[in-house]
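To keep things clear, I will list the structure first and then write my remarks on it.
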Amino acid sequence: MEIIGRTNEQHVFNLLLASQSPEFLAVYGRRRVGKTFLIKEFFQKEFIFYISGLANATKKEQLENFQATLIAYSKTPYTRAKDWPEAFRQLIHLVESSHKRGKKVIFIDELPWFDTPRSGFITGLEYFWNTWASSRPDILLIVCGSATSWMLNNLLKNRGGLHNRVTRRMALEPFTLGECEAFFKSKKFVLDRKSIIDIYMVFGGIPYYLNLFEKGLSVTQNINNLCFAKDAALKDEFSIMLSSLFKRSENHREIIQALAKKRCGLTRDEIKEATLLQGGGLTAMLEELEQCGYINVYNAYGKKNKEKLYQLIDFYSLFYLNFISKRKGIDPELWTKNIDSATRRAWSGYAFEQVCLAHISQIRRKLGIAGVVNYAASWRSKKVAKGAQIDLLLDRNDNVINICEMKYAQGEYVIDKSTYEDVRNKRTAFIAETKSRKSVHITFVTPYGVHPNEYREHIQSEVVMEDLF
């Protein structure tokens with residue numbers, strides 16, 4: 001199958017294949033994002049050994065699977081190893097018996113699943129890398145896992161024998177809008193760009209979800225089938241994902257639910273107050289959710305780290321908590337019936353903001369500041385009576401700050417008096433409280449642009465749907 005997008009990742013893979021040193025690559029990211037597919041499609045002709053861990057299996061079952069895979073690759077009648085160091089010694093024997101030239105690629109998928117309680121798996125992996133593979137310039141060891149917390153704590157932050165042994169790490173991100181468009185084109189789907197944005201607002205750029213779409217059905221029909229029908233493939237996806245990623249997923253769920261209620265995001269102290277979680281455990285869970293792609297941390301303009309804002313950015317979780325979890329009984333036409341509801345309008349506005357925040361580099365390019373040193377931040381007033389929230393501002397070193405207003409609409413967005421005054425008040429409050437001396441420009445990001453009227457002339461720039469692709 002064709003690899004869609006992933007240009008940077010493929011470049012890294014080529015560098016590792018050409019490397020004259022032993023390489024240890026750790027690939028991680030949320031489930032369904034396409035890690036295994038990407039690695040298998042790119043390296044399929046290079047594998048000297050490929051194995052995937054078994055979910056919820058015992059140490060004995062994992063070792064039996066390891067033995068069977070060794071035999072399949074070598075035809076040597078390996079016996080089942082009594083422990084992991086012995087299993088890795090057998091793997092060393094397999095590789096040393098190979099006549100393959102060039103880089104020898106070993107791929108261990110779903111690495112966390114091998115680490116059953118008291119199994120000694122980490123000890124075996126340490127032995128394999130430290131005593132043998134790390135001195136072999138022809139070895140490329142690739143490990144992959146969706147349980148990001150395990151990958152971080154047991155591998156990337158390892159304080160034992162694997163400390164600093166990983167030579168390259170890769171966090172695989174969801175598809176961009178442009179990659180989603182390429183994906184659907186490769187499947188011969190006929191979709192306009194607004195439809196792709198609407199899909200992204202529900203499912204994000206997760207290839208697994210996109211691959212479930214049925215050709216010939218509308219976007220609305222597909223959402224009904226996947227989320228609300230009696231046997232909907234994704235109706236329980238939220239719980240399945242959390243339990244597969246985190247051992248104690250109840251607390252992670254609580255954080256996500258708290259963030260879903262506050263579209264402007266929460267500080268760490270506000271999360272602590274909303275969930276009653278605290279201390280190092282909360283810090284670890286927030287980091288895990290960030291690494292898994294559920295939340296993002298935005299720097300508060302001009303503030304210290306404790307003022308950072310945490311926002312829910314996992315599109316499906318937001319959709320699930322707003323609609324699927326609140327459904328009453330089975331209604332296969334629920335999404336059609338909600339087409340003009342207040343809940344859907346509110347969700348659409350926030351979801352579109354998240355689409356824009358996932359494509360900040362495209363916004364920078366449209367504004368002509370891709371080559372200008374700038375950084376993205378958020379800002380929240382502490383003085384305005386009703387508060388003033390700026391979800392995205394771009395602070396540039398050419399003496400300009402762009403305040404970005406992201407508005408979802410089915411056609412040209414009409415700035416009315418109320419919207420104009422709200423934006424003007426945000427700008428005024430921002431300048432007064434930050435004492436910024438830079439020129440503060442207003443930028444509107446909308447699907448179809450801003451309708452020309454008396455208020456349109458007060459904005460300095462626009463970004464439209466086409467620019468996000």
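The values are calculated or read from the model by the stated rules, or taken from the named source; none is laboratory data. The structure presented is a predicted model; accordingly, all values stated were derived computationally and were not measured. No Cβ is skipped: glycine too gets one built from the backbone with ideal geometry, and neighbour counts run over all protein chains shown. With ligands, DNA and RNA removed, areas are computed over all heavy atoms of the protein, side chains included. Shrake-Rupley method; radii C 1.70, N 1.55, O 1.52, S 1.80 Å.
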* Work from the charge dipole of the stretch 252-304 (Cβ charges, +1 for Lys and Arg, -1 for Asp and Glu, about the Cα centre) and give the residue of 289, 255, 267 farthest towards its positive end. => 267
* How much of the calculated P(r) for the stretch 269-323 lies past 19 Å, in percent of all Cα pairs? -> 34
* **Matching label, Rg and Dmax of the Cα atoms in Å computed from the structure shown, candidates [x] 22.0, 74; [y] 23.1, 78; [z] 24.7, 81** => [z]
* Structure fact -> Output ordering of 237-248, 401-412 (per-residue mean of other Cβ within 10 Å, highest first) is 401-412, 237-248
* Calculate, for residue 382 and residue 261, the FRET efficiency according to 1/(1 + (r/R0)^6) with r their C-beta to C-beta distance and R0 30 Å; round to the nearest 0.05. => 0.90
* Could you calculate the FRET efficiency of residue 254 with residue 287 from 1/(1 + (r/R0)^6), where r is the beta carbon distance between them and R0 is 25 Å, rounded to 0.05? => 0.95
* Asked: Based on the Cβ-Cβ distance of residue 75 and residue 168, what FRET efficiency does E = 1/(1 + (r/R0)^6) give at R0 = 30 Å, to the nearest 0.05?
  -> 0.40
* Structure fact -> Of the listed links 247/326; 45/100; 35/215; 187/235; 308/382, those spanning more than 21 angstrom between alpha carbons are 247/326; 35/215; 187/235
* Asked: If you wrap the stretch 302-408's Cα atoms in a convex hull and average its projection over all directions, what's the area in nm²?
  -> 9.3
* Hey, could you grab the Kirkwood Rh for the stretch 218-282? Inverse mean 1/r over distinct alpha carbon pairs, Å, one decimal. => 13.8
* To do: Keeping all protein chains in place, calculate the accessible area per residue for the stretch 167-250 (probe 1.4 angstrom), answer in Å².
  => 46
* For the stretch 157-242, with all protein chains present and a 1.4 Å probe, just round the carbon and sulfur fraction of the accessible area to a whole percent. => 48
* To do: Return P(r) of the stretch 72-225 (all Cα-Cα pairs; 5 Å bins starting at 0; whole %; ordered from short to long distances).
  => 2, 7, 14, 15, 12, 10, 9, 10, 9, 8, 4, 0
* Structure fact -> Rounded to a whole %, the carbon-and-sulfur portion of the accessible area of the stretch 328-469 at a 1.4 Å probe is 49
* Asked: Measuring with a 1.4 Å probe in the full set of protein chains, what accessible area per residue, in whole Å², belongs to the stretch 254-412?
  -> 47
* **Simple label model, 7 Å out from Cα along Cβ direction - residue 93 to residue 185, nm** => 5.2
* Structure fact -> Two pseudo-spin positions, 7 Å from Cα along C-beta at residue 20 and at residue 233, lie apart in nanometres by 4.8
* To do: Please report, in cubic angstrom per residue, the volume enclosed by the convex hull of the alpha-carbon atoms of the stretch 44-134.
  => 92
* Asked: Label points 7 Å out from Cα along the Cβ direction at residue 424 and residue 214: separation in nm?
  -> 5.2
* Structure fact -> Rounded to the nearest 5, the percent of antiparallel DSSP beta bridges in the chain equals 30
* Could you give the distance between the Cα centres of the stretch 45-60 and the stretch 261-305, to the whole Å? -> 35
